Every structure is written in C-alpha cells, then in structure tokens.
Amino acid sequence: MPPGKVLQPVLKMKVDELFLCWLSESSTQAMLRDCLHRITAPGRPEMGAGDAGQPGPLVAAAAAAAAPARKPGGCDSLGAPGPAPASAALPLGAASSARTGPPVRGTRRSAGTRAVGTKKEEPLPPAASHSIPAFYFPRGRPQGAVSTDAVIARIEGTFAQFPHERATMEDMGRVAKACGCPLYWKAPLFCGAGGERTGSVSVHKFVAMWRKVLQNCHDDAARFVHLLMNPGCNYLVQEDFIPFLQDVVNTHPGLAFLKEASEFHSRYITTVIQRIFYTVNRSWSGRITCAELRRSTFLQNVALLEEEADINQLTEFFSYEHFYVIYCKFWELDTDHDLLIDPQDLARHNDHAISTKMIDRIFSGAVTRGRKVQKEGKISYADFVWFLISEEDKKTPTSIEYWFRCMDLDGDGALSMFELEYFYEEQCRRLDSMAIEALPFEDCLCQMLDLVKPQNEGKITLHDLKRCKLADVFYDTFFNIEKYLEHEQKEQASLLRETESEGPELSDWEKYAAEEYDILVAEEAAGEPWEDGYEAELSPVDQKLNALRSPLAQRPFFEAPSALGPVDLYEYDSGGDDLHPS
C-alpha cells in the first residue's frame, strides 16, 4: 500500500454484513416465507398491467372477445390502424399474447385505459419494501420500555448525599452504581458530564446528560462510546481512552504499587491502549466503532476490573505483568533510549531470529500507522507492542493479518509463489550458514500448500490462512529461523500433547509473557542479594515493587523532561513537514 495511506475497511464487506444481519432476523425470514407462499399459491392475486408473464383470466377473456371482431387488413399500406370497435381491443397486460394480425395501437390504448381503471378499483397489496422490519441499530437494539424515571430518581437520591449536590471524581463510583453501570465507568461518566473541566458535576447537568444517553443509546457499547467520544464523532480514537485508563491506574487495588512510580503511568496506559486496538479494532481503521466494541470482550473485562483484585488475572488487556515484559523487551532493543527503534535495533530481537527482508517490510509502512516511520525510518513503542504480540502469537486473527500484510508485497490480497520464494531465499541462506541442509523451494512449497490447502490454485489468501489453523507454522517457515527449527523438531511431540490436553489452554502470547516475566523476576532477585545472607520469600506486592524499581526505575530515561503530562501515544509530535496520506 502507498506510504502514509490510512487503512480503511472495504465498503462491500460492510454492505454484506448489513445484508446478512437483516436476513438473519426472524421477522425478515417470516416475511420472506409469506411472500414466497403468496407467489406460489394457486389463488394468488392477478398480475397487473405492468407485470411480465402470462396473461391472467381477465386478459384471456378480453382476448377471446376481440378475436372474432378483428378485421383482416386492419392497417393500410402506411401502417395506420383501421377502424375497429373499442370492445375488440386487447387489454394493456396482453402484450405477450399471440396475434393473427398487425397490432392496433390506437384502439388498444383506449381499451387499456378502461382495463387499468378496473384494476385500480382493486389495488394490489403494498410493496414488500414497506413491510421490511428495521434491522440496523447502530446505537443498539431498543429493549422496550426503560424505566428512565426510576433511574433518574436513584441518581438524584445519590447526589443528594453529596455537598451542594455536586459529585467529584471520588464520588463517581456511587453514581455509576446508581446508573446501573460497572464501577470503572466512573471516569467516562465524569468526563461525559464535563467534570474534567470543572472538577465536579452538578446533579442537574449529570441527569440531563444521562437522560439523553438512555434515550439515544440502547446498549452498553453505544453508551460507552458516547461517553468517551469527541463531539461530532461516533467512534473512539486512542486518546479517548486515556481518562478511563488513568482512573484505573489511580484506583485499582492491583495497581496500588504504581503510585510510588508515577513515571510508569504513561507507559502502562500506552500499552493497554495498543492492546485494546489490537484486539477490538478489527477494521485496522484506528477508530473503534460501537459495532466493533459490541463484538469484542472489552466491556466484559471492564466489568471484571471491579471483581478481580489481581490485575494480572485480566490477561487480555490490563495485565501489569504483560506490560512489564513488553516494556523490558523494548528497553533492551532501544539502545539510545530515545523511545524509537530502527531496523538494526529490531533485528536484534530474539537473537536475530527474524529475516532482514521481513524487518524491512515492517518498516515499509505496511503495518505501522505513525508517520514517523516514513520520515525517519523508525517505529515507536506503540508500534512495537503490535509487533511483539504478533510475533509471539501468530494464531490470532490480528496477528495473521499483520504478517499477511507484510508478506503481500504487491498488496493484491493474495500471496503468490513469487512472494513466498522471495522470503524463503533468505531462510535457505541462513540455514546454509548454520550447516543445516535446507529444503528446496519446490519441496517446501508442496509442504506449505498441503498445510494451507488454498481454495484457488497458485495463490494463498488471508481466508486460507485463517481457515487452516496453522498460520504460525506457515509464517515461521518463511521469516523466523528459530521458530522454524522448533516446529521441525517438536512437530510430533506437540501433536501428541494437543490430543492429550483438556480444558481451556493459554494462548501462545500468555505462555510467552508468563515465562518471560518469571525470567525477569529471577534475574532481579539474583542481582540483589539480601543483607543478612538469607533468602526470603517476597509477597506478590513486594515482588512487583522490586521488579518495578529496577532495572527500569533506576535508569536515566526517567530523568528526561517528558515525564507525566498528557500521554503521547507516538512519543513525539510530528512537525509540519510530515508526509500526508496520498
């Protein structure tokens, strides 16, 4: 794709999605069955004059009456119609019936007028389009009568307990419960009522805001988007999540240790935001819509924040351990600590396991959204979050799309044999340098085609890779030498384990994050001996504090002037000479 071009969803996919949504409605299917029954029933209404097909009984009777009255030679040499009685003309709907003589246009028009007038006395049923039920609800399907007055009464009763009937941010937890929302909706509710500008919210302003939300938004996804979105928008961008996540950092008991290191707040918030968009924003547009939020599990995880005191149990978005692993990996690669890494830095990941051709594709703009890549050839920490999760778990839909975009050199939506050979050539050279005999490309290609089983010969599509369930093996074969060798060595053992495993299994990313976090904690414990010479078991909070203070909190990065302030998701503001989307 051209550098800097904003990724947008395909319009046809959206139209197909809306049509399938309408077609799956039970009322739609009942209506279609009724229409089909009326069409196929023997006693269906007669066709009108404009209907195509065979003439009905009225048309046949008129035709029979007109046949004996027609005169031979009804038209003169110039084709002018001869005189004929009006009753001898065919009705307008008999255009397809057989005739023995030339058409009599003048008399047919006058007779057809009477036939049409007769049909107007018995109008046809209304068109089917008038009975199509509503099937598109961008703000949620209405759930019937909502007791808005009862909800407003509870809210007013809660505000009555506050001084001057004004709620501060600390009071919004009780207000959220009065609204029937999860506890950690308190920051979106506070911001939605304009509390971030004044420091508190009056009962009248909040009631007016919430009444409007209840009237226009009919499910949790629409309400959450409405509370956080910018005026005039119907979607959420990355910056919209900052107030919500800052409140999670400030008040969640599982993150209480972060209060002693406020420098980590912005890094943790950036990580969580990237994970939210990585999982929820399936269109790659950079904008989360109500429909995408509705299809995800994000709001369920937000509700679990209230119930789960250990933040690390919420591994999909909010885990601090996952953030710690990602940031440590980034810090190891960012040797100059400018919060940007270049191709040489990224190539050192996992001991140069990824091929240089794939590294170049990552920096080409195929999977990065910031314009810093095109300007300076570097990626930010936010881009690295996407890279690391995609690299360590190639089985998720987003990771499959991530690497497919990188391998699709010409952007035609399919991987050709030329593109596969382009990446495999470097793999062969690296295997030869390790004194390992590489399979010829023809043999490797046969293996991959048997693995993927593409629907169309000669090319592999994104749908093929998602359907085969072994996209990780496919991708590692072409650009990750270490994981390719691991797949070759443990293939039989892994298949045996998969057949013996029972119950829910951790994802590849969760396994990787847990292993790396244990290694990092062990390295910290080994580097700081106890003063009394005896080993002691730290509590979970003490372990996190110890891991938090070093090696990161003691490094000179946090002495830089860009400490807290507003969170810059791409670390630096772009200048006026940035590249613009073409």
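The values are calculated or read from the model by the stated rules, or taken from the named source; none is laboratory data. Just so you know, these numbers come straight off a predicted model, no measurement behind them. In this analysis, Cβ positions are derived from the backbone assuming ideal geometry, glycine residues included, and neighbour counts consider all displayed protein chains. When the accessible area is computed, the model is the full protein with side chains, heavy atoms only, and any ligands, DNA or RNA have been set aside. Shrake-Rupley method; radii C 1.70, N 1.55, O 1.52, S 1.80 Å.
Overview of results
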quantity: Members of the range 451-478 found to be among the charged types (D, E, K, R) and over 18 Å from Ser416 (Cβ atoms), listed by number; calculated: Lys466, Arg467, Lys469, Asp472, Asp476
quantity: His252 over 26 Å from Tyr402 (Cβ atoms), open to solvent by less than 50 Å² (accessible area, probe 1.4 Å) and either in contact (Cβ under 8 Å) with a residue 60 or more places away in the chain or not charged (D, E, K, R) (or both); calculated: yes
quantity: Selected residue (criterion: farthest from Ile152 (Cα to Cα)) from residues of the range 213-245 that are outside any helix (DSSP H, G or I) and aliphatic (A, V, I, L, M); calculated: Val237
quantity: Pair list, Cβ under 7 Å, 6 or more apart: the range 351-375 residue within 16 Å of Tyr402 (Cβ to Cβ) and modelled with pLDDT of 90 or more, other residue β-branched (Val, Ile, Thr) and open to solvent by less than 80 Å² (accessible area, probe 1.4 Å); calculated: Phe363/Val373; Phe363/Ile379
quantity: Among (1) in contact (Cβ under 8 Å) with a residue 60 or more places away in the chain; (2) open to solvent by less than 30 Å² (accessible area, probe 1.4 Å); (3) over 19 Å from Cys290 (Cα atoms) - the single one Met169 does not satisfy; calculated: (2)
quantity: Where Leu496 falls short, out of the listed (1) modelled with pLDDT under 50; (2) hydrophobic (A, V, I, L, M, F, W, C); (3) surrounded by 13 or more Cβ atoms within 10 Å (Cβ to Cβ); (4) not in a loop (DSSP other than H, G, I, E, B); calculated: (3)
quantity: Residue within the range 438-452 that is among the polar types (S, T, N, Q), open to solvent by less than 20 Å² (accessible area, probe 1.4 Å) and part of a helix (DSSP H, G or I) present; calculated: no
quantity: Tally of residues being open to solvent by 30 Å² or more (accessible area, probe 1.4 Å) and in a helix (DSSP H, G or I) across the range 172-184; calculated: 3
quantity: Residues satisfying the stated conditions in the range 176-189, i.e. more than 17 Å from Leu228 (Cα to Cα) and in contact (Cβ under 8 Å) with a residue 24 or more places away in the chain; calculated: Ala178, Gly180
quantity: Residue in the range 185-243 that is most open to solvent (accessible area, probe 1.4 Å), counting only those that are out of contact with any Ser or Thr (no Cβ under 7 Å at 6 or more places or on another chain) and of a type in the set (Lys, Arg); calculated: Arg197
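Let's see how each residue does on (1) of a type in the set (D, E, K, R); (2) farther than 17 Å from Thr251 by Cβ; (3) free of Cβ contacts under 8 Å to residues at least 24 places away in the same chain:
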{"residue": "Cys191", "(1), (2), (3)": "no, no, no"}
{"residue": "Arg197", "(1), (2), (3)": "yes, yes, yes"}
{"residue": "Val203", "(1), (2), (3)": "no, yes, no"}
{"residue": "Val207", "(1), (2), (3)": "no, yes, no"}
{"residue": "Arg211", "(1), (2), (3)": "yes, yes, no"}
